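Only one structure is covered here, and it is reproduced in the block below.
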Number of protein chains: 2
Amino acid sequence: MSGWLVIAGLGPGADHLVTPEVTQALAQATDVIGYIPYVARVAARDGLRLHPSDNRVELDRSRHALELAAAGARVVVVSSGDPGVFAMAAAVFEAVEAGPPEWRALDIRVAPGITAMLAAAAQAGAPLGHDFCAINLSDNLKPWALIEKRLRLAVEADFAMAFYNPRSKSRPEGFEKTLRILNDACGDARPVIFARAVSTPDQHIRVVALPDATPDMADMRTMVIVGASNTRIIARDGAPIVYTPRSVGA
Amino acid sequence: MSGWLVIAGLGPGADHLVTPEVTQALAQATDVIGYIPYVARVAARDGLRLHPSDNRVELDRSRHALELAAAGARVVVVSSGDPGVFAMAAAVFEAVEAGPPEWRALDIRVAPGITAMLAAAAQAGAPLGHDFCAINLSDNLKPWALIEKRLRLAVEADFAMAFYNPRSKSRPEGFEKTLRILNDACGDARPVIFARAVSTPDQHIRVVALPDATPDMADMRTMVIVGASNTRIIARDGAPIVYTPRSVGA
């Protein structure tokens, strides 16, 4: 059996942010599996089968990939960003754990990618330059009460905060509640970065003070980064620089 | 003035984890500046000046880079991993903020890289597949009490935790205290991943239960990842897979 499965991160969008490891895996693959817009980023070629699928079918997609690899195919499951951050790697391993024992013997690797928060941070300066946390604001897979608890504890710990999936059409109220909680818990005007479609032609970066942040500033293509209490803004002509200093006073 | 400054992430070590954006910036540079072992990863060529410097001189190094760029040089400041995560980007922006006004007009960009925690997570499975935090355990630049506070709040929030700079010769007791705090706060046997020299020929990945973790398992080349309360281990022949499920029960 010569099949393998690579769970690969395509980065946030630009080709120049795709690692050579991922490019090489795609060049050797017989099958590429993933959410429709991510599979669309992979160039068609002879001998490569593309298997785009819709959102929210991550476990079905994972089982399909594992079955193909078990049958000898060279399979790449594509995620945007990094596959290990709110993406397909955990889904594939859930399928492995629940699946037939022979799946555990497969050659499965994770090829990391540039995750959205790091691409967004790079465009804004260095807002994640000190201790930080990453929270998925979608309550599809966890109770809202847990999100609220994590937000309050993250503010108490004075982490900078990176938010994935801040807002969707089906849950417009979640991000509004998030901003209310943050204003209540932070009580200051720390910077908030809205980074939309980072590294694509549609990229738009906006920096506002927390009290001025509004729910409509985010959609599902937006990464939101909220500074720590000591995060700073360097004003200049053009976009400001946002960074979190490396030091915290004693 | 045609100078520019790119603060670039070289990734954790392997060439196949360096983005094309960073490779291209290095190909166009006149000057490369950074900590000795990172500058050593850049191939020498005619027309390229290498400026290696020692650890703990980040601000001097940043000012040097800014001065060169202001004088028209094409400068790349290199970090390992991602420059925005416990690395040179925040140091350069600190120097910009404290420096002459003309530095704010410079063409400064951050080129993201694969940060150590994501490379380590990929080798172990998907331990950061759900909400998580990143904490620098060095108390060179912040008081120990703040580290302890963040550790306890991170456990209370049930984040998976990635620790940078867990241990050095000058601070051998810090990581011992960290493990004591974690055992006290977690009170369980969740998995701990010690990932040393990830993606290099020296790579070594070790997975132990929290009560079995000992300080000597980490050094300054080790990334430590501690699971959340629901992080799982899939046993198999060879290295186990560690992953954090995407769902948390209501």
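When we screen B:Ala162, B:Ala134, B:Ala189 for residues that are in contact (Cβ under 8 Å) with a residue 60 or more places away in the chain and either in contact with a helix residue (DSSP H, G or I) (Cβ under 7 Å, 6 or more places away or on another chain) or assigned to a strand (DSSP E or B) (or both), the only hit is B:Ala162. Check whether at least one residue in segment B:35-46 is at pLDDT 95 or above and within 22 Å of A:Tyr243 (Cα to Cα), and report yes or no. Scanning segment B:35-46 turns up at least one residue that is at pLDDT 95 or above and within 22 Å of A:Tyr243 (Cα to Cα). Exactly one residue among B:Leu151, B:Leu141 is in a helix (DSSP H, G or I) and either at pLDDT below 95 or crowded, with 21+ Cβ neighbours inside 10 Å (or both), and that residue is B:Leu151. Note on segment B:92-104: residues that are without any contact (Cβ under 8 Å) to a residue 12 or more places away in the chain, within 20 Å of A:Pro127 (Cα to Cα) and more than 7 Å from chain A (Cβ to nearest Cβ) total 1. Sort out which residues of segment B:3-35 are within 17 Å of B:Ser62 (Cα to Cα), assigned to a strand (DSSP E or B) and not β-branched (Val, Ile, Thr), and write them in order of number. Across segment B:3-35, the qualifying residues are B:Trp4, B:Leu5, B:Ala8, B:Gly9, B:Asp31, B:Gly34, B:Tyr35. Residues considered: A:Pro52, A:Pro112, A:Pro37. Of these, the only one that is touching a helix residue (DSSP H, G or I) at 6+ places or on another chain (Cβ under 7 Å) and away from chain B (no Cβ under 14 Å) is A:Pro52. Checking the structure you have, find out if any residue of segment A:125-135 is surrounded by fewer than 18 Cβ atoms within 10 Å (Cβ to Cβ) and either in contact with a Ser or Thr (Cβ under 9 Å, 6 or more places away or on another chain) or in the same structural domain as A:Asn230 (by TED's automatic domain parsing) (or both). Within segment A:125-135, none of the residues are surrounded by fewer than 18 Cβ atoms within 10 Å (Cβ to Cβ) and either in contact with a Ser or Thr (Cβ under 9 Å, 6 or more places away or on another chain) or in the same structural domain as A:Asn230 (by TED's automatic domain parsing) (or both). The set of residues in segment B:122-145 that are in contact with a strand residue (DSSP E or B) (Cβ under 6 Å, 6 or more places away or on another chain), facing chain A (nearest Cβ under 7 Å) and not aliphatic (A, V, I, L, M) comprises B:Gly125, B:Gly129, B:Asp131, B:Phe132, B:Cys133, B:Asn136. Return a yes/no flag: does segment A:48-58 have any residue that is part of a helix (DSSP H, G or I) and not assigned by TED's automatic domain parsing to the domain that holds A:Asn165. Scanning segment A:48-58 turns up at least one residue that is part of a helix (DSSP H, G or I) and not assigned by TED's automatic domain parsing to the domain that holds A:Asn165. Checked against (1) at the interface with another protein chain (Cβ under 8 Å from one of its Cβ atoms); (2) in a loop (DSSP other than H, G, I, E, B); (3) in contact with a strand residue (DSSP E or B) (Cβ under 7 Å, 6 or more places away or on another chain), A:Ala44 passes all but a single condition, namely (1). Within segment A:226-250, residues that are more than 7 Å from chain B (Cβ to nearest Cβ) have Cβ atoms under 8 Å from residues that are part of a loop (DSSP other than H, G, I, E, B) and among the polar types (S, T, N, Q) in these pairs: A:Gly227/A:Thr244; A:Ala228/A:Thr244; A:Asn230/A:Thr244; A:Thr231/A:Thr244; A:Val242/A:Thr231, counting only partners at least 6 apart in sequence or on another chain. Restricting A:Arg56, A:Arg45, A:Arg74, A:Arg104 to residues that are within 22 Å of A:Leu137 (Cβ to Cβ) and basic (Lys, Arg) narrows the list to A:Arg56.
Output the residues belonging to segment A:165-186 that are assigned to a loop (DSSP other than H, G, I, E, B) and of a type outside the set (D, E, K, R). Step through it out loud before you land on a result.
In the first step, residues of segment A:165-186 are kept if they are assigned to a loop (DSSP other than H, G, I, E, B); the result is A:165-171.
Selection gives A:Asn165, A:Pro166, A:Ser168, A:Ser170.
Scanning segment A:232-250 for residues that are in a strand (DSSP E or B) and aliphatic (A, V, I, L, M) gives A:Ile233, A:Ile234, A:Ile241, A:Val242.
As for segment B:94-105, it holds no residue that is at positive phi, aromatic (Phe, Trp, Tyr) and assigned by TED's automatic domain parsing to the domain that holds B:Gly13.
Of all residues in segment A:50-84, those satisfying the criterion of being of a type in the set (Lys, Arg) and within 17 Å of A:Glu94 (Cα to Cα) are A:Arg56, A:Arg61, A:Arg63.
Does segment A:96-106 hold any residues that are surrounded by fewer than 21 Cβ atoms within 10 Å (Cβ to Cβ) and touching a Lys or Arg at 6+ places or on another chain (Cβ under 8 Å), and which are they? Result: A:Glu97, A:Gly99, A:Arg104, A:Ala105. For segment A:19-62, the tally of residues that are surrounded by 15 or more Cβ atoms within 10 Å (Cβ to Cβ) and in contact (Cβ under 8 Å) with a residue 60 or more places away in the chain stands at 4.
For segment B:159-198, which positions are small (Gly, Ala, Ser) and either farther than 18 Å from B:Arg221 by Cβ or buried (at least 23 other Cβ atoms within 10 Å of the Cβ) (or both)?
If the condition is that a residue be small (Gly, Ala, Ser) and either farther than 18 Å from B:Arg221 by Cβ or buried (at least 23 other Cβ atoms within 10 Å of the Cβ) (or both), then B:Ala160, B:Ala162, B:Ala185, B:Gly187, B:Ala189, B:Ala195 are the ones that fit.
None of B:Ala65, B:Ala69, B:Ala89 is assigned by TED's automatic domain parsing to the domain that holds B:Thr23, closer than 22 Å to A:Phe132 by Cβ, in a helix (DSSP H, G or I) and in contact (Cβ under 8 Å) with a residue 60 or more places away in the chain except B:Ala89.
The values are calculated or read from the model by the stated rules, or taken from the named source; none is laboratory data. These numbers were taken from a predicted model, which means no experiment stands behind them. For neighbour counting, all protein chains shown are included, and Cβ atoms are generated from backbone atoms with ideal geometry for every residue, glycine included.
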